[in-house]
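Each remark here refers to the structure printed beneath this line.
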Amino acid sequence: MTCSLHLNDFMNGLVRRNPGETEFHQAVHEVARDVLPFIQTRPVYCENRILERMTEPDRIIIFRVSWEDDHGNIRANRGYRVQFNNSIGPYKGGLRFDKGLNLSILKFLGFEQTFKNSLTGLPLGGGKGGSDFNPKGKSDREIMRFCQSFMTELWRHIGPDTDIPAGDIGVGSREVSYMYGQYKRLSNTFTGTLTGKGIAYGGSMIRTEATGYGCVYMMDHILNHHGNGLEWKTALVSGSGNVAQYTIEKLIDSGVKVLTASDSSGFIYDKDGIDREKLAYIKDLKNNRRGRIAEYAEEFGVEYHEGKKPWIIPGDLAFPCATQNEILLSDAKALVANGCMAVAEGANMPVHQDGVDLFDVAKIYFAPAKAANAGGVAVSGLEMSQNSMRLSWTREEIDEKLKKIMKHIHDMCVEYGMENSRVNYRKGANIGGFIKVADAMVAFGNC
Ligand code: NDP
């Protein structure tokens, strides 16, 4: 049997089959360039066409979501669930509500999720979903009606052993709770079918904090592995949502001075560092008042850079925690020129491939999203275990387990990412995430 193992041939085929899906092409390319050379050394993966099969979702569900706004107008949006790969466990991945959402973005996220979930060591497959519904400026009632309508279709495709969605951009505990309420009503069950639920009804301690905390634990492992540490460093963080808030919190607790936070309108630069009190202001601003980060600048008298990103500020560490492709080549160049030593992706694919390549050349440690932000899905996995066992672990117990999982992920990256006595974390995460899924697919035969 012959195998088309050349990156260009492989990518040409993928682009032909998925025209115009640029984010999906980008995510696959980033994996394929590491995994294809590895596959050459393991013919069983090549013979079974594992990478070709892994880049084709198991199934995609697309549906209409009709809902009524506060003025009595009927509105229509599109809902999606991409069930990407369930070889090592039920589909697991968040739901995103964002007006720019499309299938390309969801396929990139679902593909990445498959590798990320595998890296955690937990039995979780990969999926992703959401809607082009724009939650900004909507009332609580409108959000509730939308979530209920969305779940009225989605519920028949998910379940505790089938597919377990969670939150993502635009979907926090409020939205998860509305959706879970509707799921519970329609299915007449109380199961762990969504994660990120409130603590009172099946949620897990630390789930809200887990992605941000995990990202900082990963950075700590990377620095420690290279004889360094977090204390006294300065950090640039982008975003001011869930992942950014808890990345900042854990950095403050680790003795790091955090200089920036942002939203889609601009960023603040706080030379004195964001402290606990200022972080509480950001949490209230973004979570309760749905305000803009510019208000922080007014409140604390610091610089606000409208329409700009934080990467022009000098800092030792960078944590992009907002959205995909927020560090382009020019941003990466600014980080390198200013002496940044390490980057951990809190968001999914925030660094464009040109930036990743530059970090490689500049020998900047780079923790890709599938490793660095896996803490969220890991604690979601723990929430599923608690739901199944009908018990609740304490905050300390979950934090301990999260730390162990992030260490496991770090060590997988080291095991598979060594290159001339240097760890390439991107390569390590790609190959480490691939192997378990690939072995399961080989074992299942041609299905
Ligand atoms: P939130 O909705 O809580 O926050 C998103 C933040 O990013 C907001 O500050 C938002 O600003 C900003 N943002 C969104 N779009 C843009 C843009 N185009 N340019 C600049 N800033 C933007 O989402 P999360 O914090 O949950 O998610 C952030 C990232 O982390 C996403 O990539 C997500 O997939 C990833 N992630 C999240 C996990 C989780 O547990 N929540 C788990 C793993 C990954 P604004 O208010 O102006 O929109």
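The values are calculated or read from the model by the stated rules, or taken from the named source; none is laboratory data. None of these values were measured; they are calculated from a predicted model. In this analysis, Cβ positions are derived from the backbone assuming ideal geometry, glycine residues included, and neighbour counts consider all displayed protein chains. The protein model used for the area step is the full one, side chains on, heavy atoms only, and it has no ligands, DNA or RNA in it. Shrake-Rupley method; radii C 1.70, N 1.55, O 1.52, S 1.80 Å.
One table, with the values for the structure above:
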| quantity | calculated |
| --- | --- |
| Protein accessible area in the chain, 1.4 Å probe - carbon and sulfur % | 49 |
| Scaled radius of gyration (Cα, divided by 2.2 N^0.38 Å) that segment 7-54 gives | 1.13 |
| Top of S385, S330, S421 by mean-square fluctuation, Gaussian network on the chain, Cα under 10 Å | S421 |
| From the C-alpha gyration tensor of segment 102-161, square roots of 5λ in Å | 26, 15, 10 |
| Mean separation of Cα contacts under 8 Å, 6 or more apart, over the residue count of segment 210-372: relative contact order % | 23 |
| Long-range HN-HN contacts of I327 with modeled amide H, under 5 Å | V351, H352 |
| Residue (of T22, I50, A32) at the positive-pole extreme of segment 7-54, dipole from beta-carbon charges | I50 |
| Estimated dipole of the chain in Debye, rounded to 20 [Cβ of Lys and Arg +1, of Asp and Glu -1, Cα centre] | 1000 |
| Residue-averaged 222 nm ellipticity for the chain, from DSSP H runs of 4+ at -39500 (n - 2.57), nearest 500 | -15000 deg cm²/dmol |
| Segment 59-190: proportion of alpha-carbon pairs further apart than 22 angstrom, % | 32 |
| Heavy-atom surface of the chain, accessible at 1.4 Å and reported per residue (Å²) | 40 |
| Taking the chain and dividing mean pair separation by its residue count, relative contact order in percent (alpha carbons under 8 Å, at least six apart) | 15 |
| Convex hull per residue volume in Å³, alpha carbons only, for segment 204-303 | 97 |
| Cα gyration tensor shape of the chain, rounded if a/c is under 1.5, else prolate or oblate by comparing a/b with b/c | rounded |
| Gaussian network model of the chain, Cα within-10 Å springs - most flexible of N86, N134, N387 | N134 |
| Under DSSP loop assignment and at most 13 Cβ neighbours within 10 Å, longest trypsin sites (Lys or Arg not before Pro)-free interval of the chain | 137-270 |
| Per-peptide average of other Cβ atoms within 10 Å, ordering 119-125, 5-11 highest first | 119-125, 5-11 |
| When segment 210-372 is reduced to its Cα atoms, the Kirkwood hydrodynamic radius in Å | 15.2 |
